[in-house]
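So the structure is just underneath, and the comments pick up after that.
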Amino acid sequence: MLLLFAVRNCPAQLLSGLPQAQVSECDYCGCSQGISPLETGSTGIRFEFGSLYLGAPYNGSLRQTTAIGKNESFITNKLTLFYRLDPTSPFTLAAAVPYVNRVSQDPGGNGAPIQTAKGNGLGDIAVTLRYNHLHHVDESTIAFSAGFGVKFPTGKDNILVGANYLDPDLQPGTGTTDLLFNIAGFWSLDRFGVAGNLTAGVITGPGAPESDGNHKYGNYINGDLTFRYRVIPADASESNLSVMFGIGAENRAHETEGGQMIIPSGGSIIYVAPGLKYIVSTQISADATFQIPVYQYLGWNPDTGDNQLGQNYRFVAGIQYRL
């Protein structure tokens, strides 16, 4: 999960002695695997590109050598709009609109042709309201925020391939309304900073239709801790480059279908995330993070051998403009 810092008007972004901004100069997009709650200007726009690749089956924490070549890839282009409700208000409203492209490939066996399945379209839109607080202790900056959001089932979840529904993982939408909760904070001093983020999602609603009943993903929680250091320039400036290194973890409960638990579903992952943040000007900034899994435990069924594909990597990059 990408965890960064605020644009120019949030002092922790520059770790500098520039004029201090109001509390509401920080906000959050409100989506899981999104940007930091303290990352963008309070009124503005952000475009984000994300790529997730799954390429190896796991029995629990054991990576398997079977099904070589089977993979799934997920591309997400997301546009997020931020709006501060009032110049003196600590509250910010955000709306995130994703467009997804999802592909699975299965080479089959015995010379069979590769089977490819695709799903693309508008994803599930999320709206978030966030409270932000910023204050200073001596030469350091401390900030925290808390937010509540709702992800709506706006994406298609009933795409058919012949007479059957497309795999739920490939559908653009989930068919559920998710309640999102988040807390975040950071501390900075001079060129160094550290930030933390914790997000939980509670899944409600019927879920996407399936042959045996509605498919519903499990509740989830994820969090991360990110350290950053401004490499250039040495002194505070409106334009600067920082390197980041984070460690994060995610846990998702089992999925259900027709009210019955799907055993080979859900699981946990721990990853490290190196990245860069470039402040172009007081209004424009760009960032990129590469998440590398170091541990995965994925639910599987030892009786049937059914398992899940594990994550090879996730890449997230974005650019934003603050009004």
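The values are calculated or read from the model by the stated rules, or taken from the named source; none is laboratory data. Note that the structure is a prediction, hence the values are computed from the model and not measured. Cβ coordinates were reconstructed from backbone atoms using ideal geometry, including for glycine residues, and neighbour counts include every protein chain displayed. For accessibility, only protein heavy atoms count, side chains too; no ligands or nucleic acids. Shrake-Rupley method; radii C 1.70, N 1.55, O 1.52, S 1.80 Å.
Using +1 at the Cβ of each Lys and Arg and -1 at the Cβ of each Asp and Glu in the chain, identify which of Met261, Leu180, Phe74 lies farthest towards the dipole's positive end.
Towards the positive end, the residue furthest out is Phe74.
Averaging sequence separations of C-alpha pairs under 8 Å and six or more residues apart, then dividing by the length of region 195-269, give the relative contact order as a whole percent.
With pairs under 8 Å counted, the relative contact order is 29 percent.
³J(HN,Hα) across region 247-254 via Karplus (A = 6.51, B = -1.76, C = 1.60, θ = phi - 60°), whole Hz, x for Gly/Pro?
10, x, 8, 9, 9, 10, 6, 4
Classify the chain as rounded, prolate or oblate from the Cα gyration tensor: take a ≥ b ≥ c as the square roots of its eigenvalues, call it rounded if a/c is under 1.5, otherwise prolate when a/b beats b/c and oblate if not.
prolate
Springs between alpha-carbon atoms under 10 Å, Gaussian network over the chain: tell me which of Asn71, Asn164, Asn301 tops the mean-square fluctuations.
Of Asn71, Asn164, Asn301, the Gaussian network model singles out Asn164 as fluctuating most.
Identify which of Thr204, Thr43, Thr88 has the largest mean-square fluctuation in a Gaussian network model of the chain, with springs joining Cα atoms closer than 10 Å.
Highest fluctuation among the options: Thr88.
I need the shape label for region 202-256. Rule: rounded when a/c is under 1.5, else prolate if a/b > b/c, else oblate, with a, b, c from the alpha carbon gyration tensor.
Judged from the Cα gyration tensor, region 202-256 comes out prolate (a/c at least 1.5, a/b above b/c).
In whole percent, and with a 1.4 Å probe on the protein chains, what portion of the accessible area of the chain is carbon and sulfur?
That share works out to 61 percent.
Where the centre of each part is set by its Cα atoms, how far does region 235-265 sit from region 278-323, in angstrom?
Spelled out, the Cα-based centre of one part sits 7 Å from the other.
Can you compute 3J(HN,Hα) from phi for each residue in region 76-85, using the Karplus curve 6.51 cos²θ - 1.76 cosθ + 1.60 with θ = phi - 60°, rounded to whole Hz and x for Gly and Pro?
10, 10, 10, 10, 10, 10, 10, 8, 7, 5
Treating the beta-carbon of each Lys and Arg as +1 and of each Asp and Glu as -1, no other charges, what is the dipole magnitude of the chain about its Cα centre, to the nearest 20 debye?
For the chain, the charge dipole is close to 500 debye.
What percent does the relative contact order of the chain come to when contacts are Cα pairs within less than 8 Å and at least six residues apart?
19 percent
State in Å² the accessible area per residue of the chain; use a 1.4 Å probe, count heavy atoms of protein chains only, and round to the nearest integer.
44 Å²
Test of understanding: in a Gaussian network model of the chain with alpha carbons linked when under 10 Å, which of Ile114, Ile203, Ile45 would top the mean-square fluctuation ranking?
Ile114
Report, by chain and number, residues whose modeled amide H sits under 5 Å from the one on Asn240, excluding near sequence neighbours (fewer than 5 apart, same chain).
Ile279
Given an 8 Å cut-off on Cα distances and at least 6 residues of separation, report the relative contact order of region 278-323 as a percent.
Answer for region 278-323 is 50 percent.
Identify, among Ser140, Thr116, Val103, the residue whose Cα sits farthest towards the positive end of the charge dipole of the chain, taking +1 on the Cβ of Lys and Arg and -1 on the Cβ of Asp and Glu, with the dipole about the Cα centre.
Ser140
If each of Asp235 and Leu85 carries a label point 7 Å out from its Cα toward its Cβ, how far apart are those two points in nm?
Those two pseudo-labels are separated by 4.1 nm.
Name the long-range amide H neighbours of Gly205: under 5 Å, sequence gap of 5 or more, or other chain; modelled H, no Pro or chain starts.
Thr177
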